[in-house]
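These notes are about the structure you will find just below.
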Amino acid sequence: MLGLDFSFINLDVLQKFVWGGLAFSVQLTVIATLGGIFFGTLLALMRLSGRSVLMAPATFYVNGMRSIPLVMVILWFYLLIPFVIGKPIGAEVSAIITFIAFEAAYFSEIMRAGIQSIPRGQVFAGQAMGMTYAQNMRLIVLPQAFRNMLPVLLTQTIILFQDTSLVYAIGAYDLLKGFTNAGKIYGRPEEAYLLAAAVYFVICFALSWGVKRLQAKIAIVR
Amino acid sequence: MTWDWQVFLQDDGSGRNYLEWMLEAWRWTLAVAGASWVVAVAVGAVVGTVRTLQDRPWLVQLANAWVEFFRNIPLLVQIFLWYFVVPKIIPAFQQVPGFVLVVFGLGFFTSARIAEQFRAGIQALPRGQRYAAMAMGFTTWQSYRYVILPMAFRIILPPLTSESMNLLKNSSVAFAVSIAELTMFAMQAQEETSRGIEIYLAVTALYAASAFAVNRVFALIEKKMRIPGFIVAGTGGGH
């Protein structure tokens with residue numbers, strides 16, 4: 001059919017080539033999401049603090065990261081990290097650091113929108129109860145902002161998962177590379193690419209369907 | 001660490017220096033991005049509009065499938081599909097140059113996202129617009145052409161701006177199929193000269209400048225097309 005031959009795929013092949021790559025892609029996504037949300041929230045707080053000594057570097061960082069292609073950021077970090085720490089670094093570790101730094105900028109925009117969507121009355125009520133800025137943020141604003149933004153954060157995570165395929169630029173062994181290698185070894189590159197596309201599609205479609213259901217469930221009736 | 005910006009004036013072995021090579025690569029980036037943008041907006045506008053039709057559920061499902069298909073597969077994988085798989089499945093595509101295949105890949109990927117924005121923009125309009133057009137005897141096509149789309153387009157301009165900037169950045173994935181654009185230049189020049197920092201800085205500056213230029217062009221378009229008194233619902237530039 002169409003000259004395609006999928007017969008080379010079996011559990012053995014999948015385990016040898018694809019499984020390790022899938023594990024890395026998932027690992028990278030999870031670590032980058034958690035790290036990105038953590039640092040992104042910090043960046044958002046810096047930008048909303050009102051003190052220019054905090055706002056300026058945060059704004060510069062976020063706008064800078066958002067105006068450069070991800071491939072260039074990956075290449076930059078792969079070049080600079082060994083330079084800074086003085087010894088060579090594997091593509092996988094470089095990818096993890098890159099993605100945390102890159103996604104922090106995108107997550108910071110999401111968290112900033114979330115924090116700004118909280119009615120000011122909440123902040124004033126906290127202040128009226130004698131809370132400090134930090135307590136206000138930690139106990140009142142951030143929990144609500146996080147809950148409001150959860151669907152958007154998860155959508156960004158799905159995009160992150162797709163973007164992990166770009167570690168191809170530095171040769172890291174992710175899901176796409178796993179399929180590519182399998183295709184090369186068995187002489188069936190086109191079938192391998194089709195399978196990679198199918199796997200990505202199934203995972204991302206399932207995840208975005210999950211996000212839609214979550215969105216419906218946690219919607220707060222105001 | 002010393003700077004060596006002279007590296008751009010070095011010959012790269014084929015009679016031209018790195019600066020010329022970089023500028024040519026920049027032209028390729030702009031060409032890929034420009035052509036893909038045309039494809040993306042043309043297709044995205046159609047698909048997005050179809051998704052808002054109220055009397056053709058099958059077409060809506062088809063458009064939904066289109067958007068879901070192109071949104072859930074990474075761009076790099078889609079480029080590989082277009083470059084390697086499509087010429088194998090459809091022999092007619094073997095004659096097509098790589099540039100065109102990349103334009104299709106990037107264009108269709110972005111068209112799914114632009115379709116989402118068109119749908120959101122059209123649905124942001126009051127329903128009364130559509131019904132008023134129907135009451136005046138417009139056909140569906142006419143009501144879209146004369147009433148809905150002009151207003152929706154103005155609503156969409158901010159997210160369309162950020163989507164166009166994304167398109168420019170996404171053109172960098174063409175490196176994977178040997179299109180001679182900026183990222184490919186950066187990788188090759190860095191290997192050849194080992195002056196990675198200068199090369200990457202220059203390429204980064206070009207990407208940032210191009211993105212900024214796109215942003216300004218759209219700001220100008222937005223200003224020219226503004227309708228006095230029509231307050232656009234702040235659809236914060238999503239990406």
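Residues that are of a type in the set (S, T, N, Q) and more than 7 Å from chain A (Cβ to nearest Cβ) within the stretch B:191-207 comprise B:T193, B:S194, listed in sequence order.
Of all residues in the stretch A:82-96, those satisfying the criterion of being of a type outside the set (D, E, K, R) and open to solvent by 70 Å² or more (accessible area, probe 1.4 Å) are A:F83, A:V84, A:I85, A:P88, A:V93. Just to be sure before I move on: is A:A134 over 24 Å from B:I199 (Cα atoms), at pLDDT 95 or above and either in a helix (DSSP H, G or I) or within 14 Å of another protein chain (Cβ to nearest Cβ) (or both) in the structure I sent? No; evaluated as a whole, the condition is false for this residue. Exactly one residue out of B:V77, B:V32, B:V96, B:V85 is out of contact with any Cys (no Cβ under 7 Å at 6 or more places or on another chain), more than 14 Å from every other protein chain (Cβ to nearest Cβ) and either under 30 Å from B:F8 (Cα atoms) or open to solvent by less than 60 Å² (accessible area, probe 1.4 Å) (or both), and it is B:V96. Just one residue in the set B:E68, B:E24 is farther than 30 Å from B:A180 by Cβ, of a type in the set (D, E, K, R) and in a helix (DSSP H, G or I); that residue is B:E68. So, A:A105, is that one closer than 17 Å to A:F38 by Cα, in contact with a Lys or Arg (Cβ under 6 Å, 6 or more places away or on another chain) and within 12 Å of chain B (Cβ to nearest Cβ) or not? Taking the combined requirement at face value, the residue satisfies it.
Of the numbered criteria (1) buried (at least 22 other Cβ atoms within 10 Å of the Cβ); (2) in contact (Cβ under 8 Å) with a residue 60 or more places away in the chain; (3) over 30 Å from B:A180 (Cα atoms), the one B:A63 fails is (2).
Note on the stretch B:177-188: among residues that are of a type in the set (A, V, I, L, M, F, W, C), closer than 15 Å to B:L206 by Cα and open to solvent by less than 10 Å² (accessible area, probe 1.4 Å), the one that is nearest to the other protein chains (Cβ to nearest Cβ) is B:A186. Among residues of the stretch A:124-151 that are among the hydroxyl-bearing types (S, T, Y), none has a beta-carbon under 8 Å from a residue that is open to solvent by 40 Å² or more (accessible area, probe 1.4 Å) at least six positions away or on a different chain.
The values are calculated or read from the model by the stated rules, or taken from the named source; none is laboratory data. This is a predicted model, so every value here is computed, not measured. Note that we place each Cβ from the backbone using ideal geometry, even for glycine, and neighbour counts take in every protein chain shown. To get the accessible areas, we keep the full protein, side chains included, count just its heavy atoms, and leave off ligands, DNA and RNA. Shrake-Rupley method; radii C 1.70, N 1.55, O 1.52, S 1.80 Å.
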